[in-house]
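First the structure, in the form of structure tokens, and then the observations on it.
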Number of protein chains: 2
Amino acid sequence: MLKDFSQIKEQLSAMTKTPRLGVIVAQDEHTMEAVARAATEGLIEPVLYGRRELIEPIWERFAPEKALPVVVEEEDEQHCVSDALADVRSGHLDCIMKGKLETAVLMKAVVNKDTGIRKSNALSMLAAVQSPYYHKVFCVTDIGLMMYPDLQQKKAILENAVHLFRALGVEQPKVAVLAAVEKVNPKMPETVDAALLKEMNEKGEIQDCIVEGPISYDLCMDPEAAAIKGYSSPVAGDPDILVVPNIVAGNILIKSLTCTGNAKTCGAICGAQVPVVISSRSSPAEDKYMSIVLAAITGSRNL
Amino acid sequence: MLKDFSQIKEQLSAMTKTPRLGVIVAQDEHTMEAVARAATEGLIEPVLYGRRELIEPIWERFAPEKALPVVVEEEDEQHCVSDALADVRSGHLDCIMKGKLETAVLMKAVVNKDTGIRKSNALSMLAAVQSPYYHKVFCVTDIGLMMYPDLQQKKAILENAVHLFRALGVEQPKVAVLAAVEKVNPKMPETVDAALLKEMNEKGEIQDCIVEGPISYDLCMDPEAAAIKGYSSPVAGDPDILVVPNIVAGNILIKSLTCTGNAKTCGAICGAQVPVVISSRSSPAEDKYMSIVLAAITGSRNL
């Protein structure tokens, strides 16, 4: 069990080899602030792709006592992307992070069949959550890449999250496939998919986790609500992973937790050869920093 | 602006005429506990439909100092329902509440074209929220009646909520139609509907409110996020009403706010001749009590 984010950071501090983070188009203040902090603390070793003359003053501002890391000098963003992805393929980088470029540009390169770094059947964006109202770190997925995933895509989303939690040391994560109800209703396709995912887990087609679904958020997160309604499941009241049916539900849930739930989050794209951090401009600096920590530790253990 | 739930209760306390609440199949402890409290405080005048011999001992337990209210003696639940709905139609009741019967049984009777109490184009379930992380009472709708509402149904859901907020004294409620993004994307039907609802509002087809959409939860609820992303709207950071695209998103959001957001909620079904309270068994007693308060005040002003 991961009690809170500090335990993830402790795992990273305890690593014998410092993970390498590739920062793509690194001349971006918001990104570099978080990168410099993690590097100054000795948690990661950055490799900066971009224009040295723009990167250097930003670095000096945020990490005045630490020498500038390796800079792979490239004029334009396309070369920054291709250099970094080549370094992922050669095993030189453990995780990558988006700097001053559009997410779409980076993702297009990541999923390219010839020159990309795809690994799983589907890439998914996962947000880990530390909430004052829940007893451990949990995650919500997918919150941003697949709009309305079908069953096979949901399976990949689920497996990506299980893979990440296992890299964090949670041997057998508990997975809740969310719906509005617990009963399968053919008029509610997400309940049908949820039941099928549970069945795949029971048959051994989805491994290394316990899947429950369909299950509503309250029976899932509140053991008292589950008890009152006579609902019994090892996942009820104790999930690690929440799989949402679509991008709207995922986006609303994660933003509800942060904007009106006092939760902290961090996140990464899973399913590529290494974790990819693409924090939003509006994310707090702390979220960006924790996303680097999450990507570094899970990327290093991404065997 | 409604700062918190206590202001709703103050409005009810200040009424000159005490609203009548019909309790259908009243021999239910969970329901009666909340009803007895509101009645003891003089906020409502209950009319209890059901079996006196079962009702009386429950009443005496929860309201020992207050005389048993009017009991309309009926053996079976169907007669309780039809008596109460007839009393709504005759103007005798200001709001009704489900006791010991299935929600589906009550709702089927409510929507019956001949003997029901329908008023709007669509009934919707609204949850009002008091959150420690938001500056005023807001609501989420629809959270339980329509699975995947189409545009006209969303319009009705929105108008039901506007009607309720106006009954609470919010003259021009601000409405956010939620999606995962702010840009209309034909591949995301909820963004198209949201833009159409905004257009209807601008053309005067939806009145007495300001509609914004599509808008994501964070730009909607967090003025800082809106500022960072350069998003400007009178609704950003200040909505009263959140319209969700479907039952799954609504259910997940409201349960996230209560289970992992420390929020209090209350709610009612809107769009009938009077508000209908159908609190879940697993709702806290406080939620049931506040739902009665909400239904009583808005039902009495339901002109």
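The values are calculated or read from the model by the stated rules, or taken from the named source; none is laboratory data. These figures come from a predicted structure and were not determined experimentally. As a convention, Cβ positions derive from the backbone with ideal geometry for all residues, glycine included, and neighbour counts pool all protein chains shown.
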Could you tell me which numbered condition A:LYS154 fails, if it satisfies all but one of (1) part of a helix (DSSP H, G or I); (2) surrounded by fewer than 24 Cβ atoms within 10 Å (Cβ to Cβ)?
-> (2)
When A:GLU182 is evaluated against the numbered criteria (1) at the interface with another protein chain (Cβ under 8 Å from one of its Cβ atoms); (2) of a type in the set (Asp, Glu); (3) in contact with a Phe, Trp or Tyr (Cβ under 9 Å, 6 or more places away or on another chain), which criterion, by number, is the only one it fails?
-> (1)
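The rows are residues; the columns are (1) touching a helix residue (DSSP H, G or I) at 6+ places or on another chain (Cβ under 8 Å); (2) closer than 18 Å to B:SER291 by Cα.
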position: B:LEU93; (1), (2): yes, yes
position: B:LEU106; (1), (2): yes, yes
position: B:LEU126; (1), (2): yes, yes
position: B:PHE138; (1), (2): no, yes
position: B:MET147; (1), (2): yes, no
position: B:VAL162; (1), (2): no, yes
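Restricting the range B:239-250 to residues that are crowded, with 24+ Cβ neighbours inside 10 Å and either under 21 Å from A:PRO189 (Cβ atoms) or more than 15 Å from the chain's Cα centre (by Cα) (or both), which is farthest from the other protein chains (Cβ to nearest Cβ)? Walk me through it before giving the result.
Taking the range B:239-250 and keeping what is crowded, with 24+ Cβ neighbours inside 10 Å, we get B:239-245, B:248-250.
Cutting the leftovers down to either under 21 Å from A:PRO189 (Cβ atoms) or more than 15 Å from the chain's Cα centre (by Cα) (or both) gives us B:239, B:244-245, B:248-250.
Numbers: B:PRO239: 12, B:VAL244: 7, B:PRO245: 6, B:VAL248: 5, B:ALA249: 5, B:GLY250: 8 Å.
So the residue we want is B:PRO239.
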Pairs, please: C-beta under 7 Å, at least 6 apart or cross-chain, first residue more than 7 Å from every other protein chain (Cβ to nearest Cβ) and in the range B:253-276, second part of a loop (DSSP other than H, G, I, E, B) and of a type in the set (Lys, Arg)?
-> B:GLY271/B:LYS119; B:ALA272/B:LYS119; B:GLN273/B:LYS119
Pairs where the first residue, in the range B:224-240, is modelled with pLDDT of 95 or more and the second is surrounded by fewer than 19 Cβ atoms within 10 Å (Cβ to Cβ) and basic (Lys, Arg), C-beta under 9 Å, 6+ apart | B:ASP238/B:LYS136; B:ASP240/B:LYS136
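Okay, residues lined up against (1) without any contact (Cβ under 8 Å) to a residue 24 or more places away in the chain; (2) within 13 Å of another protein chain (Cβ to nearest Cβ); (3) crowded, with 16+ Cβ neighbours inside 10 Å; (4) more than 16 Å from A:VAL274 (Cα to Cα):
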position	(1), (2), (3), (4)
A:LYS100	no, no, yes, yes
A:LEU106	no, no, yes, no
A:VAL110	no, no, yes, no
A:ARG118	no, no, no, no
A:LEU123	no, no, yes, no
A:ALA128	no, no, yes, yes
A:TYR133	no, yes, yes, yes
A:PHE138	no, yes, yes, yes
A:GLY144	no, yes, yes, yes
B:ASP87 vs. criteria in the same structural domain as B:THR298 (by TED's automatic domain parsing), in contact with a helix residue (DSSP H, G or I) (Cβ under 6 Å, 6 or more places away or on another chain) and either modelled with pLDDT under 95 or under 20 Å from B:ILE24 (Cβ atoms) (or both) = no
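Restricting the search to the range A:201-227, which residues are surrounded by 16 or more Cβ atoms within 10 Å (Cβ to Cβ) and within 14 Å of chain B (Cβ to nearest Cβ)? Lay out the reasoning, then the answer.
First, pick out the residues of the range A:201-227 that are surrounded by 16 or more Cβ atoms within 10 Å (Cβ to Cβ): A:201, A:206, A:209-222, A:225-226.
Within the range A:201-227, A:GLY213, A:PRO214, A:ILE215, A:SER216, A:TYR217, A:ASP218, A:LEU219, A:CYS220, A:MET221, A:ASP222, A:ALA225, A:ALA226 qualify.
A quick yes/no check of all residues on (1) under 14 Å from the mean Cα position of the chain (by Cα); (2) under 21 Å from B:TYR134 (Cβ atoms); (3) of a type in the set (Val, Ile, Thr); (4) buried (at least 21 other Cβ atoms within 10 Å of the Cβ):
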site	(1), (2), (3), (4)
A:THR258	no, yes, yes, yes
A:ALA263	no, yes, no, yes
A:GLY271	yes, no, no, yes
A:VAL277	yes, no, yes, yes
